[in-house]
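Report on the following structure.
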Amino acid sequence: MYIADKFEYVDKLAQDAITKNVIDIDCCYEIFEHNKLILNVILEKWQLMWTACPYGQFYKKIEPKVSFRITYHDNNRKNETTITRLRFGKCLLNDYLAKMKKNRL
């Protein structure tokens, strides 16, 4: 097929496409769309496991939904550790120390 013939063929296809009311070609997902679908399936399964698990009820009240999002980030490791301990209620305050029978009072 010559180049001129190819242009005529492509032009004919374009003209035919303009007159059609329905698209008859199956369009495949792009890679990023596949990745998004996969991540959604993973999150759904993770959420079902999280909801069904009998452990961690205290933390479930804080974070009822699972996600890939990082809830808190700081460049200082000590700050991250402190915030995480406060969120979990494991921060060596008198109440927690009393539960471990380590309270000095």
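Some notes on this structure:
- Hits in the range 61-88 (condition: free of Cβ contacts under 8 Å to residues at least 24 places away in the same chain and within 21 Å of the chain's Cα centre (by Cα)): 61, 63, 64, 65, 66, 69, 70, 71, 72, 73, 74, 84
- Contact annotation: residue pairs with Cβ atoms under 9 Å, 6 or more positions apart or on different chains, pairing a residue in the range 34-47 that is closer than 22 Å to residue 60 by Cβ with a partner that is of a type in the set (A, V, I, L, M) and surrounded by 12 or more Cβ atoms within 10 Å (Cβ to Cβ), are 43/66; 46/66; 47/66.
- Residue ID - nearest to residue 66 (Cα to Cα), chosen from residues in the range 22-52 that are at pLDDT below 80 and not β-branched (Val, Ile, Thr): 29
- Failed criterion for residue 78 (all others in (1) surrounded by 12 or more Cβ atoms within 10 Å (Cβ to Cβ); (2) at pLDDT 80 or above; (3) of a type outside the set (S, T, N, Q); (4) more than 30 Å from residue 40 (Cβ to Cβ) hold): (1)
- Matching residues, the range 16-39, being surrounded by fewer than 10 Cβ atoms within 10 Å (Cβ to Cβ) and part of a helix (DSSP H, G or I): 16, 18, 19, 31, 32
- Candidate set: the range 26-60, residues that are of a type in the set (Asp, Glu) and more than 15 Å from the chain's Cα centre (by Cα); chosen: the one nearest to residue 87 (Cα to Cα): 30
The values are calculated or read from the model by the stated rules, or taken from the named source; none is laboratory data. Nothing here was measured: the structure is a model prediction, and the numbers come from that model. A quick note on method: Cβ atoms are made from the backbone with ideal geometry, for glycine too, and the neighbour counts reach across all protein chains shown.
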